[in-house]
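Participant: Pasting a structure here, questions to come.
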Amino acid sequence: MWFVQQFLLAFLFFLFFCKYLKMRWKARSLPPGPSPFPLIGNLWTMRFNMHPETFNKLTKLYGNMYTVWIGETPLIVLHGYKTVKNAIVSHSEELAGRPVTSIMADVSHGKGIVVANGHSWRQQRRFGLMTLRNLGLGKRGAESQIQEEAQNLVEILAAQNGELMDVSNFIIHSVANVISAVVFGHRFSIDDPTFQKLVSINQQLIEGFASKFGILYDAFPWLMKRLPGPHQKIFKNQEYMYNFVRNEIRIHQQNESPEGPNDFIDHYLAQITKASDDPNSTFDTSNLIQVVVDLFTAGTETSATTLQWAIMLMLAYPDIQENIHRELDQVLQDSSAIKYEDRNRLPYTNAVIHEIQRFGNIAAAGAMRRSIKDITLDGYSIKKDINILPNLDSVLHDPIYWEKPDKFNPDHFLDKDGNFQSNEAFLPFSAGHRVCLGQQLARFELVIFFITLMRAFRFQLPKGVTEVNTKYLAKVTLQPHPYKVCIMQR
């Protein structure tokens, strides 16, 4: 018995040592980084998270380009604007892939846009961009829908009569209705229990991806997909989203508009018919379902979280809020609905909106890319099929390009004369071939929602509260700590 135990221990040690040697051999051509443990890689060192603070600490030790191991899979992390731009802009085509083994890839089955690859991804993305433009993105069509939802939100908040409240759910539902109008062709009542469950399931799905179990799944997909645990709920939540979209598609098919396509689902169904004889077509119902889920999930989370940051930061910086009110009162004399182009007449407010996106960066480190060709980055030979993470947080806090990177400061986007000025390191939507598909819709939403709310209300801290926690909570996006606010009509 003793001999068997010793043999098993020796065998396990030999197995781990071989795994370690294999990882070290693979690391020869990769950038430096912390030494990985067999099987778990650097997960223990990283405390099983991929937060910006974790990467910032590693950058101080290993420079702007280093390697960490998620299980037995190497991940090259890029830090700072110059390093990130050199990769995802200068080598945009070569780094257009997504990891093929991850919980997001397994949930989506390689369909849709966000985690798809190759010909399918290119075809779905191209169609998505074209269709969003046809639906009026950037024109009066989408703008009027956003104006309607922003005004609805104003009426809902005004009805609270200045009571202390948490605005997060109201904001999430209002933003979700914008993307609902785009993809489904209609909005939902905020009291609709089906809509409430859809939004709730969407939130749970997003949080599941960023959980420790989600990260463990990325490290050990072959094991985690067979084990019970909280990560299995992600698949159930995704199936709920699929069933919801399937029902919407069924309704569209039964009620085909004689006037032609009215929303994204209409356009996609028409494209399926149009491309039915094309052997290279990837347009089918399964891709339609995943694309709609991608649009709804990303389209709700990003703008809603940014608007939550916006109100919280107005609480934290009442002088900035007062400056915005002063500019709005001087420039916006009439009571007409806010238009996206109004930002050009409001340099200070426009600067604040940009600074909210920079300081309250929701993308955290960003989404992983995968090299689809052999490339050279900063002197390192990067082989095909290596995962790469452009750390967007490090770009938006790069001290070379931002005077006070850790402070909320609208002057980052103003010249000495108070005119709005852009900054090349402002990449909240990433860049290159994988730049955010819905960035234009998000820009419209942030401008129209924020200015509409600021023109209508003054946001105040609860009585007795003098400080605001402006640190982030790390989930799949970086979110503000929960807060309550008194909303007073102006």
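Participant: Take Leu132 and tell me if it is crowded, with 17+ Cβ neighbours inside 10 Å and either in contact (Cβ under 8 Å) with a residue 40 or more places away in the chain or within 20 Å of Gln238 (Cα to Cα) (or both).
Facilitator: yes
Participant: Is it true that some residue in the range 107-129 is open to solvent by 20 Å² or more (accessible area, probe 1.4 Å), of a type in the set (Ser, Thr, Tyr) and at negative phi?
Facilitator: Yes; the residues of the range 107-129 include at least one that is open to solvent by 20 Å² or more (accessible area, probe 1.4 Å), of a type in the set (Ser, Thr, Tyr) and at negative phi.
Participant: Among Pro99, Pro32, which is the only one that is in a loop (DSSP other than H, G, I, E, B), at pLDDT 80 or above and over 26 Å from the mean Cα position of the chain (by Cα)? Spell out how you get there, then give the answer.
Facilitator: Working: Pro99 fails: over 26 Å from the mean Cα position of the chain (by Cα).
The conditions single out Pro32.
Participant: Taking the range 135-180 as the search range and keeping residues that are touching a residue at least 24 places away in the same chain (Cβ under 8 Å) and part of a loop (DSSP other than H, G, I, E, B), which one is most open to solvent (accessible area, probe 1.4 Å)?
Facilitator: Going through the qualifying residues, I end up with Glu163.
Participant: Could you check the range 398-490 for strands (runs of 3 or more DSSP E) lying wholly inside it with 1 or more residues that are without any contact (Cβ under 8 Å) to a residue 12 or more places away in the chain and open to solvent by 20 Å² or more (accessible area, probe 1.4 Å)?
Facilitator: It comes to 472-474.
Participant: I'm checking my understanding of the structure. Among residues of the range 311-322 that are in contact (Cβ under 8 Å) with a residue 40 or more places away in the chain and either among the aromatic types (Phe, Trp, Tyr) or over 17 Å from Pro462 (Cα atoms) (or both), which one is most open to solvent (accessible area, probe 1.4 Å)?
Facilitator: Tyr317
Participant: If you go through the range 107-134 one residue at a time, how many are of a type outside the set (Lys, Arg) and in a helix (DSSP H, G or I)?
Facilitator: Going through the range 107-134 one residue at a time, the tally reaches 15.
Participant: For residues in the range 253-284 being among the hydroxyl-bearing types (Ser, Thr, Tyr) and surrounded by 13 or more Cβ atoms within 10 Å (Cβ to Cβ), which is farthest from Gly128 (Cα to Cα)?
Facilitator: Ser281
Participant: Return the total of residues in the range 72-100 being in contact (Cβ under 8 Å) with a residue 40 or more places away in the chain and either closer than 30 Å to Leu223 by Cα or of a type in the set (S, T, N, Q) (or both).
Facilitator: Summing the residues that are in contact (Cβ under 8 Å) with a residue 40 or more places away in the chain and either closer than 30 Å to Leu223 by Cα or of a type in the set (S, T, N, Q) (or both) in the range 72-100 gives 16.
Participant: Would you check which residues across the range 461-482 are closer than 30 Å to Thr297 by Cβ and among the small types (Gly, Ala, Ser) and list them?
Facilitator: If we filter the range 461-482 for residues that are closer than 30 Å to Thr297 by Cβ, which is where we start, we get 468-482.
Correct list: Ala474 only.
Participant: Output the number of residues of the range 232-280 satisfying the condition of being polar (S, T, N, Q) and more than 28 Å from the chain's Cα centre (by Cα). So that I can check it myself, show each step before the final result.
Facilitator: Of the range 232-280, the ones polar (S, T, N, Q) are 232, 237-238, 243, 247, 253-255, 257, 262, 271, 273, 276, 280.
Remaining after also requiring more than 28 Å from the chain's Cα centre (by Cα): 253-255, 257, 273, 276, 280.
The number of residues fulfilling the criteria is 7.
Participant: So Asn361 clears everything in (1) under 19 Å from Val468 (Cα atoms); (2) in a helix (DSSP H, G or I) except one condition, right? Which one?
Facilitator: Unmet for Asn361, out of (1) under 19 Å from Val468 (Cα atoms); (2) in a helix (DSSP H, G or I): (2).
Participant: Here is a follow-up. Go over the candidates Met104, Met46 one by one and state the one that is closer than 30 Å to Phe235 by Cα, open to solvent by 70 Å² or more (accessible area, probe 1.4 Å), among the aliphatic types (A, V, I, L, M) and at pLDDT 75 or above. Steps first, please.
Facilitator: Numbers: Met46 fails: open to solvent by 70 Å² or more (accessible area, probe 1.4 Å).
Of Met104, Met46, the one residue that is closer than 30 Å to Phe235 by Cα, open to solvent by 70 Å² or more (accessible area, probe 1.4 Å), among the aliphatic types (A, V, I, L, M) and at pLDDT 75 or above is Met104.
Participant: If only one of Gly185, Gly214, Gly208, Gly229 is surrounded by 14 or more Cβ atoms within 10 Å (Cβ to Cβ), in contact (Cβ under 8 Å) with a residue 12 or more places away in the chain and part of a loop (DSSP other than H, G, I, E, B), which one is it?
Facilitator: Gly185
The values are calculated or read from the model by the stated rules, or taken from the named source; none is laboratory data. Since the structure is predicted, the reported quantities are computational estimates derived from the model, not experimental observations. We place every Cβ from the backbone using ideal geometry, glycine too, and count neighbours over all the protein chains shown. With ligands, DNA and RNA removed, areas are computed over all heavy atoms of the protein, side chains included. Shrake-Rupley method; radii C 1.70, N 1.55, O 1.52, S 1.80 Å.
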